[in-house]
Amino acid sequence: ANHSEIATRTNKQLLVCDRGLLDQAAYFGGGVREFLERYKVSDVNEIIGRYSMVIHLASVALLGESAYQQASSAQERVEDTVEQVREAEQKTLEAWSLHPNKIIIEPSQNFDKKYEKVAKIVSNQLKQGDLV
């Protein structure tokens, strides 16, 4: 059983994914088009429709190289340079550009504040019954 089936069976209201399927399109030279062709998906809306909301946590790399180096010193990344991180960031935003319920959390070196923003957004959406 996949995670959404388990969530449904156990009566959970929310399934949170650290990454969305379209995030991978940022690492294809041809972007979303190439990604869809590779995985034989005829319509990007088939993927977009799986997600009630997309919350994009903008990379600290957008704040500059020193901020990025400080924040990512203990993390492994696919990208080698800040420029590559910024490029992947832009391609990820482009991949999700058609999602009707997308929220971007601006870059910050204070991850706790970013977390608080995300928690507040999700809490508000749950209270309104907008996330199922």
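The values are calculated or read from the model by the stated rules, or taken from the named source; none is laboratory data. Being a predicted model, the structure only gives us computed values, none of them experimental. Virtual Cβ from ideal backbone geometry, glycine too; neighbours counted across all protein chains shown.
Residues in region 90-132 that are part of a loop (DSSP other than H, G, I, E, B) and without any contact (Cβ under 8 Å) to a residue 60 or more places away in the chain: Ser97, Leu98, His99, Pro100, Asn101, Glu106, Pro107, Ser108, Gln109, Asn110, Gly129.
State which residue is surrounded by the most Cβ atoms within 10 Å (Cβ to Cβ) when the search covers only region 7-64 and only residues that are part of a loop (DSSP other than H, G, I, E, B) and hydroxyl-bearing (Ser, Thr, Tyr). My answer is Ser59. Taking the criterion of being within 17 Å of Ser59 (Cβ to Cβ), surrounded by fewer than 16 Cβ atoms within 10 Å (Cβ to Cβ) and touching a strand residue (DSSP E or B) at 6+ places or on another chain (Cβ under 8 Å), the residues of region 85-104 that qualify are Leu93, Lys102, Ile103, Ile104. Of all residues in region 66-84, which are out of contact with any Asp or Glu (no Cβ under 6 Å at 6 or more places or on another chain), modelled with pLDDT of 80 or more and surrounded by 12 or more Cβ atoms within 10 Å (Cβ to Cβ)? Selection gives Thr81, Gln84.
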